[in-house]
Amino acid sequence: MSDRDFKETILDLLRLGYEGTYWDYKEDYTDCKEDKLIDIICMANNIDGHEAYLIYGADDSGNIKGIENTTYSRYTTKSVTEFLRSKPFAGGYVPKISVRTIKAGNHELDILIIQSTHNTPYYLTEEFSPSHDSKKKLNAGAIYTRVNDVNTPRKQTASFEHTEYLWRKRFGIDLSPSQKLLQLLEDTENWSKTAWDSDRHSYNLISPEYQIIAFDSNEGYEPLGYFYDDEKMLYAPLQLKYLTTTLYETELWYMDMGRCLIPKPERRYNMEDKLFYYYIEQDSLSGKLLPIFAYGKHQCNNRSGLQMPVLIFANKDERIEFEGWVSKNNKLRECIENELSENAIIQHICAKEKQMGKPQCGVLQVAIAFAFYQHWKKDK
């Protein structure tokens, strides 16, 4: 979600003047670790299945007070992630969170964002009571959720109805076959191993009715190929099936003459900034397929493990954020071009491209975009 859209979403929730199933107002932080943890668990288990928000700097009626003058340490994505990772979550499933700050008038609000996942219910395998206060203790095995604006009492557990919903969500029982397949792709370990240059077929070990099939390959050409040791590549139609029904179709690219495999990335040419790049959004089909072909990794590497210029984004919003950053840092282009002009590997790639008689294909533009991407990642 763009900064503007995210800010408007939070302000809309504040204008309501009341808390709900997936949003909660907090006037200030707390040093009580039990309070901090149960708020996150309840939001992660909210029964709307919605991305959830803990909004710091607003009172119980949604009036903005600001968090900039707090005497507590303000949350960051890193600090909250480290806090959660040390807790005894069942199965090792830890809520996925991030922290964003927005400005509202003369004030700042910190927003703790709890992502909606299918790893529900989140619960602890050991009791959690660092304060040794029995009233605040979180019990092992208790499932805490949120109904309307009320968290499950600490000495209780969620109702049967809500507990069932959370487990059904984990196992994808209520999903359509196409939705279930996308969920199954997220667990790369549960797909059968295969040789994609010969067998070309993989099935899900838990639900074998879901299959991935690659068909006969053909020679292809992409500027991306020049960044591998061997620029020759093949591509093959790729089908994802449920029983005999094809749910999704894409392509499998055999880069480096078949030594490196990647699902077909998208191409993007930004006319305004003259930026040409390949990209994969992690929440897309190709994004979910990538770790299956890249040995569990969420990036495209060559045979030596060096990252190739396929830009990886969490989602479309993050990609748009990247392009906005490029537009604001156009002066960086001259610096990047100077760096690339002195880079022996890039010059070798450009010379190879020219020798092939296809200089219009954009190797230099791909390299420039990748350099922008690397600067952006460091800036983030």
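The values are calculated or read from the model by the stated rules, or taken from the named source; none is laboratory data. Computed from a prediction, not measured in an experiment: that's the story for all the values here. Positions of Cβ are backbone-derived with ideal geometry, glycine not excepted, and every protein chain shown enters the neighbour counts. Heads up: the accessible areas ignore ligands, DNA and RNA and are worked out on the full protein's heavy atoms, side chains in. Shrake-Rupley method; radii C 1.70, N 1.55, O 1.52, S 1.80 Å.
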query: Which numbered condition trips up Asp149, out of (1) modelled with pLDDT of 95 or more; (2) touching a Phe, Trp or Tyr at 6+ places or on another chain (Cβ under 8 Å)?
result: (1)
- prompt: Does any residue of the stretch 76-90 turn out to be small (Gly, Ala, Ser) and touching a strand residue (DSSP E or B) at 6+ places or on another chain (Cβ under 6 Å)?
  reply: no
- prompt: Of the residues in the stretch 155-172, how many are at pLDDT below 95 and open to solvent by less than 50 Å² (accessible area, probe 1.4 Å)?
  reply: 3
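Condition check ((1) open to solvent by 40 Å² or more (accessible area, probe 1.4 Å); (2) free of Cβ contacts under 8 Å to residues at least 60 places away in the same chain) across all residues:
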site: Phe313; (1), (2): no, yes
site: Ile320; (1), (2): yes, no
site: Val326; (1), (2): no, yes
site: Asn329; (1), (2): yes, yes
site: Lys377; (1), (2): yes, yes
query: Does the stretch 173-196 include one or more residues that are within 30 Å of Glu34 (Cα to Cα) and open to solvent by 40 Å² or more (accessible area, probe 1.4 Å)?
result: no
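Please pick out the residue among Thr246, Thr194 that is without any contact (Cβ under 8 Å) to a residue 12 or more places away in the chain and assigned to a strand (DSSP E or B).
Working: Thr194 fails: assigned to a strand (DSSP E or B).
Every option except Thr246 fails the conditions.
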task: Might you let me know whether the stretch 286-301 holds any residue that is touching a Cys at 6+ places or on another chain (Cβ under 8 Å), open to solvent by 20 Å² or more (accessible area, probe 1.4 Å), at pLDDT below 95 and not in a helix (DSSP H, G or I)?
output: yes
- request: Using the structure shown, decide if Phe370 is touching a residue at least 12 places away in the same chain (Cβ under 8 Å), open to solvent by 20 Å² or more (accessible area, probe 1.4 Å) and more than 30 Å from Gln239 (Cβ to Cβ).
  value: yes
task: State which residue pairs qualify: first residue within 15 Å of Lys65 (Cβ to Cβ) and inside the stretch 14-29, second residue assigned to a loop (DSSP other than H, G, I, E, B) and aliphatic (A, V, I, L, M) in any location, beta carbons under 8 Å apart, and separation of 6 or more residues or different chains.
output: Asp28/Ile67; Tyr29/Ile67
message: Among the residues that make up the stretch 139-146, is at least one of them touching an Asp or Glu at 6+ places or on another chain (Cβ under 9 Å), in a loop (DSSP other than H, G, I, E, B), open to solvent by 40 Å² or more (accessible area, probe 1.4 Å) and of a type in the set (A, V, I, L, M, F, W, C)?
response: yes
query: Considering only the stretch 269-282, how many residues are touching a Lys or Arg at 6+ places or on another chain (Cβ under 8 Å) and either part of a strand (DSSP E or B) or loosely packed, with under 15 Cβ neighbours inside 10 Å (or both)?
result: 6
statement: Log entry, pairs with first residue in the stretch 70-84 being under 16 Å from Asp31 (Cβ atoms), second being open to solvent by less than 80 Å² (accessible area, probe 1.4 Å), beta carbons closer than 6 Å, six or more apart or on different chains, reads Thr70/Asp28; Thr70/Tyr29; Tyr72/Tyr29; Arg74/Asp110; Tyr75/Val99; Tyr75/Asp110; Tyr75/Leu112; Val80/Ile97
message: I need the helices (runs of 4 or more DSSP H) fully contained in the stretch 3-116, keeping only those with at least 1 residues that are over 27 Å from Ala158 (Cβ atoms) and open to solvent by 30 Å² or more (accessible area, probe 1.4 Å).
response: 3-16, 77-85
query: Of all residues in the stretch 67-98, how many are touching an Asp or Glu at 6+ places or on another chain (Cβ under 6 Å) and within 27 Å of Trp167 (Cα to Cα)?
result: 1
